[in-house]
Amino acid sequence: MKVNIKFFAGLRKFSPDGEGYGALSVESDSTVGDILDHLNVPPEKPSIILINGVHGNRQSVLKDGDTLSVFPPVAGG
Amino acid sequence: MKIYVNERPFEASEGEKIASIRDKVNPRADLLILNGFPAAEDHKLSGGDRLSIIERGVVPPIEEIEAMIGARHTPGLRERLRGARVGIAGVGGLGSNVALALTRVGVGTLVLADFDVVEPSNLGRQQFFTDQIGMEKTSALAETLGRAHPGVALELHPVRVTPENIDEIFGGCSVVVEAFDRAEEKTMLVEVLLKEHPDVTIVAASGVAGSYSTEGLKIHRVGERFYVVGDLESEARPFQGLMAPRVGAAGHIQANLVLRVLLGEL
């Protein structure tokens, strides 16, 4: 199945196109964690995970055509 | 003829002078503003004139303040915002600016949460003052907001926001502003809201430190109801800390985003 990737800020370099975007072919029933590991995203960075714009987490199972967004906030405010 | 006194309709006689109106409304008034500019008391009024009659040092009644703030620039706006309830998580460099802007524009209720107290280093960028050092930030800010507009309803939570108390603090808010400092706390708040309050719109910030160009302060729609203001990269660090102009600008972009959400423009 295919999953769309949308990575923000410091995670953009880990996306398929290196700019934050791209589609990825993955096995059915892949979890968010599987995909992040596959793309070598460092697990220690605090990040907010969304699937199709709503809440997700590393254990969430993806479906064909889903969009996985990952946003790592930086300090300051 | 019909004129407006303190933004309320008023029936005046043809050619009536400002002094005459002043004596009817408040003889002690010592500041007379006609159509936006100071005017002499012997000036003759014309139909449609807008006259503000002010007694220096006296806070006008809240209804009069409401009328005078609202009528001139955006009639009807404040009525639309009066029922709104907005949460602000963290009232530092971002949150104190967001709160002040939303108070001034007329948001009805603000829920302020911050465990911290005002200390001198905060004064470089946050809306606190030297005589408030040592106060809880929520109380100090409430004092300032009340001076800006006594009609704003405030709920103060001088506690650390945790996954366990988010519902209790921000329940009933249609919008919550994420204005924390630490990345872990930003993540925690947004995750809990996305998961447990999917109907709430989140207006967060990330990448607001330093003196970099404010053109980098973009609005990113990360989720369906999740917006992030900032350049996403400029982390607060030594020699590139949070500075009043840029973090204040980011806070005001957040406030404008909240306003647009409340007005149904997004």
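For region A:29-57, a residue qualifies if it is open to solvent by 80 Å² or more (accessible area, probe 1.4 Å), of a type outside the set (Asp, Glu) and within 14 Å of chain B (Cβ to nearest Cβ), and the qualifying residues are A:Pro43, A:Lys45, A:Asn52. Exactly one residue out of B:Thr187, B:Thr103 is more than 20 Å from B:His252 (Cα to Cα), assigned by TED's automatic domain parsing to the domain that holds B:Tyr227 and not in a loop (DSSP other than H, G, I, E, B), and it is B:Thr187.
Selection within region B:58-80: residues that are touching a helix residue (DSSP H, G or I) at 6+ places or on another chain (Cβ under 9 Å) and among the basic types (Lys, Arg). The member of this set that is most open to solvent (accessible area, probe 1.4 Å) is B:Arg80.
Taking the criterion of being β-branched (Val, Ile, Thr) and either within 14 Å of the chain's Cα centre (by Cα) or in a loop (DSSP other than H, G, I, E, B) (or both), the residues of region B:106-137 that qualify are B:Val107, B:Thr109, B:Val111, B:Val118, B:Ile133. Residue pairs whose Cβ atoms lie under 9 Å apart, separated by 6 or more positions or on different chains, with the first residue in region A:61-77 and under 30 Å from B:Pro245 (Cβ atoms) and more than 7 Å from chain B (Cβ to nearest Cβ) and the second surrounded by 15 or more Cβ atoms within 10 Å (Cβ to Cβ) and of a type in the set (Phe, Trp, Tyr), are A:Pro72/A:Phe7; A:Pro72/A:Phe8. When B:Glu178, B:Glu191, B:Glu164, B:Glu168 are checked against the criterion of being open to solvent by 40 Å² or more (accessible area, probe 1.4 Å) and within 12 Å of chain A (Cβ to nearest Cβ), a single residue qualifies: B:Glu191.
With respect to the stated conditions, B:Glu16 is of a type outside the set (A, V, I, L, M, F, W, C) and either in the same structural domain as B:His149 (by TED's automatic domain parsing) or at pLDDT 95 or above (or both).
Sub-9 Å Cβ pairs linking a first residue in region B:251-266 that is closer than 14 Å to B:His220 by Cα to a second residue that is charged (D, E, K, R) and in a helix (DSSP H, G or I), at least 6 apart or interchain, are B:Leu266/B:Arg260, ordered by first then second residue.
Scanning region B:216-266 for residues that are over 17 Å from the mean Cα position of the chain (by Cα), facing chain A (nearest Cβ under 8 Å) and either closer than 16 Å to B:Ala101 by Cβ or acidic (Asp, Glu) (or both) gives B:Glu224, B:Glu233, B:Glu235. On inspection, A:Val3 fails the criterion of being assigned to a loop (DSSP other than H, G, I, E, B), over 23 Å from B:Asp199 (Cβ atoms), among the β-branched types (Val, Ile, Thr) and touching a strand residue (DSSP E or B) at 6+ places or on another chain (Cβ under 9 Å).
Selection over region B:46-69 of residues that are in contact with an Asp or Glu (Cβ under 8 Å, 6 or more places away or on another chain) and within 11 Å of B:Ile3 (Cβ to Cβ) gives a count of 1. State whether the residues of region B:211-221 include one that is aliphatic (A, V, I, L, M) and farther than 14 Å from A:Gly77 by Cβ. There is at least one residue in region B:211-221 that is aliphatic (A, V, I, L, M) and farther than 14 Å from A:Gly77 by Cβ.
For B:Arg125, work out the one condition from (1) over 26 Å from B:Val229 (Cα atoms); (2) at pLDDT 95 or above; (3) among the basic types (Lys, Arg) it doesn't fulfil. In the conditions (1) over 26 Å from B:Val229 (Cα atoms); (2) at pLDDT 95 or above; (3) among the basic types (Lys, Arg), B:Arg125 misses (1) alone. Scanning region B:245-266 for residues that are among the hydrophobic types (A, V, I, L, M, F, W, C), part of a helix (DSSP H, G or I) and open to solvent by 40 Å² or more (accessible area, probe 1.4 Å) returns B:Ile253, B:Leu262. Of all residues in region A:1-28, those being surrounded by 15 or more Cβ atoms within 10 Å (Cβ to Cβ), touching a Lys or Arg at 6+ places or on another chain (Cβ under 9 Å) and of a type in the set (S, T, N, Q) number 1.
Among the residues of region B:24-37, those that are open to solvent by 40 Å² or more (accessible area, probe 1.4 Å) and either over 13 Å from B:Asp49 (Cα atoms) or not assigned by TED's automatic domain parsing to the domain that holds B:Val58 (or both) comprise B:Lys24, B:Val25, B:Pro27, B:Arg28, B:Asp30, B:Leu31.
The values are calculated or read from the model by the stated rules, or taken from the named source; none is laboratory data. Everything quoted here is computed from the prediction, not taken from an experiment. All Cβ positions, even for glycine, are placed from backbone atoms using ideal geometry, and neighbour counts span all protein chains on display. Remember, those area values only see protein heavy atoms, side chains included, never the ligands or the DNA or RNA. Shrake-Rupley method; radii C 1.70, N 1.55, O 1.52, S 1.80 Å.
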